[in-house]
Amino acid sequence: MSDDPPAPGGPTPQPAETPSRPNLTTPAPASPAGRTRISGVWLGVIIGVVVLVFLLAFIIQNSRSVKVSFFTVNVNMPLGVALLLAAVGGVLLAGIVASLRIWQLRHRLHQSK
């Protein structure tokens, strides 16, 4: 394209067509298949099954027996089970600490009222 003005008597340039834009003032129609509680439950079930499959594969692949000592208790168990129990224990401990902290903050909030 050049910056020269069009020749007299020639075709006049037309403005470029603007694509039609949706009207933003009207709400979009509601989806007939929106998210429901049941769909959330199914999603949770599917994720839970996938996690269980991965845990089962982990335990099967780590089936070598190891000696686990805790204070005075000595137990022989598969390595995968020992690691799974340690992870569950860690999650429970973290949950207890977090619950106590939430209780402490709520207790302070109610005392200040």
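The values are calculated or read from the model by the stated rules, or taken from the named source; none is laboratory data. The shown structure was predicted, so the numbers you read here are calculated from the model rather than taken from an experiment. Note that each Cβ is placed from the backbone with ideal geometry, even for glycine, and that neighbours are counted across all protein chains shown.
Some notes on this structure:
- Any pair with Cβ under 7 angstrom, 6 or more apart, that starts in region 64-93 at a residue that is of a type in the set (D, E, K, R) and ends at one that is assigned to a helix (DSSP H, G or I): 64/79
- Residue within region 74-89 that is loosely packed, with under 10 Cβ neighbours inside 10 Å, on the phi > 0 side of the Ramachandran plot and not charged (D, E, K, R) present: no
- Checked across region 75-92, the condition of being among the β-branched types (Val, Ile, Thr) and assigned to a strand (DSSP E or B) holds for at least one residue.
- One residue alone among 53, 49, 45, 66 is in contact with a helix residue (DSSP H, G or I) (Cβ under 7 Å, 6 or more places away or on another chain), at pLDDT 90 or above and not polar (S, T, N, Q), and that residue is 66.
- Flag for residue 59 being exposed (fewer than 10 other Cβ atoms within 10 Å of the Cβ) and part of a helix (DSSP H, G or I): no
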